[in-house]
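**Q** I have a structure here, written as structure tokens, and I will follow up with some questions on it.
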Amino acid sequence: MVNETPIKTPMKQRLREFAGTPLSVVVWLMAIGGVILLFSNEARQFEYGGFARSTHYEVSPGVDGTLEMLAVDLYDQVESGQVVALLDGSELDGRLATAEAVLKKLEADLTASRVKLAAEITRNGNRLRRDVRSFEMDAQRLRLDVLEVAVLIANDEAREQLAALVVARMDALPTWNMTRKEQLGAAQLRLRQIVDRKAANKVLLRQTEKAARLAEARVHAFDKNLPEAEQGLATLAPLQTALAVQARLLDELRAERDRLVLRSPIAGSVSQVLSHPGQAVLAGEPVVLVSRTFATEVVAYLPEQDAREARRKQAVVLSRRSDPSVVAESVVLRVSPVVDALPERLWSRPGVAEYGRSFVVAAAAPLGLAPGEAVKISFTGEEGGSWTEPR
Amino acid sequence: MGALIDVLERSSGAAPADVMETLLLCALLGLVLGQLIAWAYVLTHTGLSYSRSFTQSLVLLTLVVSLVMLVIGNNIITAFGLIGALAIIRFRNVLKDTKDMVFVFLSLVVGMAIGSGKYLTAGVGTITIIIVMLYLHVTSFGTKSKIDGHVSFVVSHGGGDDDCYAGAFRRFCRVFKVVSVRQTGTAGVSEYVIEVRLRDLDRSRELVDSLMGIPEVTNVALVMNNKLSEV
């Protein structure tokens, strides 16, 4: 009789058999699970592409002229109000010299008037009137001195700006040798001399202005006691008018000088240099483009089939394309009314244009987006939202 | 290590996380669909020319070609380069096995990925396909035969039980099936061929001994299938 009791299958053989078809099926099912998980993950986080952008400012002159000096280079950091370029001021220097010459002429006229009045005083013999005329002459003289010193200061300021730019540029040069050191030393000395002279002139201006004010007061005090003083003052009236005209002219020259100095309107970085020293520039033509160093907005694009989805005030989540782990909440600010060609960088196939609708999203501070950086945007499905503005 | 990660990140063009996700999705979907195609092939195959290696190649080719498309992308020049390189290799070598061709193709694609600066794709793609190759090898994927061997013996029916051998088979075999019964010239003598799936492969000898112990059974022979019987 044969023993029919089944023998046991060893564990080793059981495992080997499991490694056949059953394991294949298990692995296959797991792979299906993985595919479903990845697809559902992709569907949940459907993202659109966009780019961060910042505000650009053009620095352009208000008057036509020749660019004398460019104080910044490409990608230099600039502060608000910093001088970025200087227009040629030789024409203005000529006009300032003319103003000085006119002042000299007025001085000569004044001297002539003094002589004439002195003769008249001698004829009349009126002591009080003579004093008033004398005080009037002093006051006019002091007014001329004030204008003269103001012209000197205006000239010094223009020279100081130019000398300061020369020193700054020489100091920023990377290579050093003895000649360069000497040149820098000479430029620094020149700048120091101009600064000292300007400071001394300012002190002198304050003193002269004070003396002129005192002289004016003295004239008025004596003038009250002089019944026929108008005759003498009338003689000096043309001179006074000429002085007033000259003062206005100086103000005009100062304002014009300010327009030759181009300053950065914001703190940021020089993103484009469009003109070079020696080049003639027209009024309103940009010389330098200054951009903020951080992005203020993100321009994103919806493909044509999803173009109707974007609405104002929709809450979105932003993340950097290069580092999707950092995300920040934001909100849709504006939506383009038209469907237009997407930027080439977003085309999935090079050479095949794609179309969509663009919308603007506020750049959130936590991401610290640089202008031009690629960004991913996904809609949360909620309305409204808060974000932290970059500063 | 940090520098290596930097190089991989720079080479990928897109964000590394995106590249990894795309590669993983390609690998998993390739495995799912490739395995499905291979099973369909196994089920519908008829004839004597079945090859397990070819079936495994069907799975691997799906993965390798998905890697090819990731490397080529939209670059028509790279595509022509691939065709040219493959043609040179194919016509200078005789590839007898489909699986050999898959390996050649894989090496080619990985080389192209490295050459075109897609280091992350090359690295992750190679490792993924090697893992799938090992999995196919360990599971002997595509094996069509489920039997361990054939037992042949002669039964003399001296008016006794026709099914006298069944008890021995029930003890040692999980599955057994008569595939051939031949009547010999002598009356009452039949020659059986039975395919078996053994409960314990190490105790196959005991099956033979047990059959030999039956008086009606003679000339017992066990022929085991080996791995080379199905390439």
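**Q** Output the number of residues of segment A:196-205 satisfying the condition of being surrounded by 15 or more Cβ atoms within 10 Å (Cβ to Cβ) and either more than 26 Å from A:Arg141 (Cβ to Cβ) or in contact with a Lys or Arg (Cβ under 7 Å, 6 or more places away or on another chain) (or both).
**A** Summing the residues that are surrounded by 15 or more Cβ atoms within 10 Å (Cβ to Cβ) and either more than 26 Å from A:Arg141 (Cβ to Cβ) or in contact with a Lys or Arg (Cβ under 7 Å, 6 or more places away or on another chain) (or both) in segment A:196-205 gives 0.
**Q** Going by the conditions given, is A:Asn3 within 14 Å of chain B (Cβ to nearest Cβ) and under 30 Å from A:Ala295 (Cβ atoms)?
**A** It is false that A:Asn3 is within 14 Å of chain B (Cβ to nearest Cβ) and under 30 Å from A:Ala295 (Cβ atoms).
**Q** Within segment B:78-101, take every residue that is in contact with a helix residue (DSSP H, G or I) (Cβ under 7 Å, 6 or more places away or on another chain) and farther than 27 Å from B:Gly117 by Cβ and give me the one that is surrounded by the most Cβ atoms within 10 Å (Cβ to Cβ).
**A** Going through the qualifying residues, I end up with B:Lys99.
**Q** If you don't mind, another one. Would you tally the residues in segment A:312-367 being free of Cβ contacts under 8 Å to residues at least 40 places away in the same chain and in a loop (DSSP other than H, G, I, E, B)?
**A** So the answer is 10.
**Q** Additional query: Quick check on segment A:310-349: of everything there that is away from chain B (no Cβ under 12 Å) and among the polar types (S, T, N, Q), which residue is surrounded by the fewest Cβ atoms within 10 Å (Cβ to Cβ)?
**A** Among them, the one singled out is A:Ser336.
**Q** Also, I was wondering about something else. Under the condition of being of a type in the set (Ser, Thr, Tyr) and in a helix (DSSP H, G or I), which residue from segment B:191-227 is farthest from the other protein chains (Cβ to nearest Cβ)? I'd like the intermediate steps shown before the answer.
**A** Filtering segment B:191-227 down to residues of a type in the set (Ser, Thr, Tyr) leaves B:192, B:204, B:210, B:218.
Applying the additional criterion that residues be in a helix (DSSP H, G or I) yields B:204, B:210.
On the way: B:Ser204: 11, B:Ser210: 6 Å.
Among those that are of a type in the set (Ser, Thr, Tyr) and in a helix (DSSP H, G or I), it is B:Ser204.
**Q** In segment B:175-190, which residue that is within 30 Å of A:Leu15 (Cα to Cα) and surrounded by fewer than 17 Cβ atoms within 10 Å (Cβ to Cβ) is nearest to the other protein chains (Cβ to nearest Cβ)?
**A** B:Val175
**Q** All but one of (1) in a helix (DSSP H, G or I); (2) at pLDDT below 85 hold for A:Arg213; state the number of the condition that does not hold.
**A** For A:Arg213, the exception is condition (2).
**Q** Something else about it: Given (1) crowded, with 17+ Cβ neighbours inside 10 Å; (2) more than 14 Å from chain A (Cβ to nearest Cβ), identify the lone condition not met by B:His157.
**A** Condition not satisfied by B:His157: (1).
**Q** Restricting to segment A:350-366, count the residues that are modelled with pLDDT under 80 and away from chain B (no Cβ under 14 Å).
**A** Of the residues in that region, 3 qualify.
Table: residues versus (1) within 8 Å of chain B (Cβ to nearest Cβ); (2) over 30 Å from B:Gly34 (Cα atoms); (3) of a type outside the set (Gly, Ala, Ser); (4) surrounded by 13 or more Cβ atoms within 10 Å (Cβ to Cβ).
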| site | (1), (2), (3), (4) |
| --- | --- |
| A:Lys8 | yes, yes, yes, no |
| A:Glu17 | no, no, yes, yes |
| A:Thr55 | no, yes, yes, yes |
| A:Glu58 | no, yes, yes, yes |
| A:Pro61 | no, yes, yes, yes |
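**Q** Tell me whether segment A:78-92 contains one or more residues that are over 24 Å from A:Arg254 (Cα atoms), away from every other protein chain (no Cβ under 14 Å) and in contact (Cβ under 8 Å) with a residue 40 or more places away in the chain.
**A** yes
**Q** To continue, here is another question. Among the residues of segment A:152-179, what is the count of those that are more than 29 Å from the chain's Cα centre (by Cα) and modelled with pLDDT of 80 or more?
**A** 1
**Q** Could you check A:Asp73 against (1) within 30 Å of A:Arg345 (Cα to Cα); (2) within 14 Å of chain B (Cβ to nearest Cβ) and say which number it fails?
**A** Of (1) within 30 Å of A:Arg345 (Cα to Cα); (2) within 14 Å of chain B (Cβ to nearest Cβ), only one is false for A:Asp73: (2).
Quick grid of which residues meet (1) in a helix (DSSP H, G or I); (2) under 21 Å from A:Arg257 (Cα atoms):
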residue	(1), (2)
A:Asp73	no, no
A:Val84	no, yes
A:Leu92	yes, yes
A:Lys105	yes, no
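**Q** Something else now. Do we have any residue at all in segment A:32-46 that's part of a strand (DSSP E or B) and touching a residue at least 60 places away in the same chain (Cβ under 8 Å)?
**A** no
**Q** Find the helices (runs of 4 or more DSSP H) located wholly in segment B:43-158 whose residues include 2 or more that are polar (S, T, N, Q) and touching a Phe, Trp or Tyr at 6+ places or on another chain (Cβ under 9 Å), and list them.
**A** Here the list reads B:52-72.
**Q** From (1) at the interface with chain B (Cβ under 9 Å from one of its Cβ atoms); (2) at pLDDT below 85, pick out the condition that doesn't hold for A:Ala31.
**A** Going through the list (1) at the interface with chain B (Cβ under 9 Å from one of its Cβ atoms); (2) at pLDDT below 85, A:Ala31 breaks only (2).
**Q** With the structure loaded, tell me whether B:Cys164 is within 14 Å of another protein chain (Cβ to nearest Cβ) and modelled with pLDDT of 85 or more or whether it fails that test.
**A** Considered against the rule, which asks whether it is within 14 Å of another protein chain (Cβ to nearest Cβ) and modelled with pLDDT of 85 or more, B:Cys164 comes out as no.
**Q** Kindly indicate whether B:Val151 is surrounded by fewer than 20 Cβ atoms within 10 Å (Cβ to Cβ) and in contact with a strand residue (DSSP E or B) (Cβ under 7 Å, 6 or more places away or on another chain).
**A** Numbers: surrounded by fewer than 20 Cβ atoms within 10 Å (Cβ to Cβ): no; in contact with a strand residue (DSSP E or B) (Cβ under 7 Å, 6 or more places away or on another chain): yes.
No: the conditions fail for B:Val151.
**Q** For segment B:209-227, how many residues are in contact (Cβ under 8 Å) with a residue 24 or more places away in the chain and touching a strand residue (DSSP E or B) at 6+ places or on another chain (Cβ under 8 Å)?
**A** Result for segment B:209-227: 11.
**Q** Would you tally the residues in segment A:272-309 being free of Cβ contacts under 8 Å to residues at least 60 places away in the same chain, in a loop (DSSP other than H, G, I, E, B) and closer than 29 Å to A:Asp340 by Cα?
**A** 2
The values are calculated or read from the model by the stated rules, or taken from the named source; none is laboratory data. Since this is a predicted model, take the numbers as computed values, not measurements. Cβ: placed from backbone, ideal geometry, glycine included. Neighbour counts: every protein chain shown.
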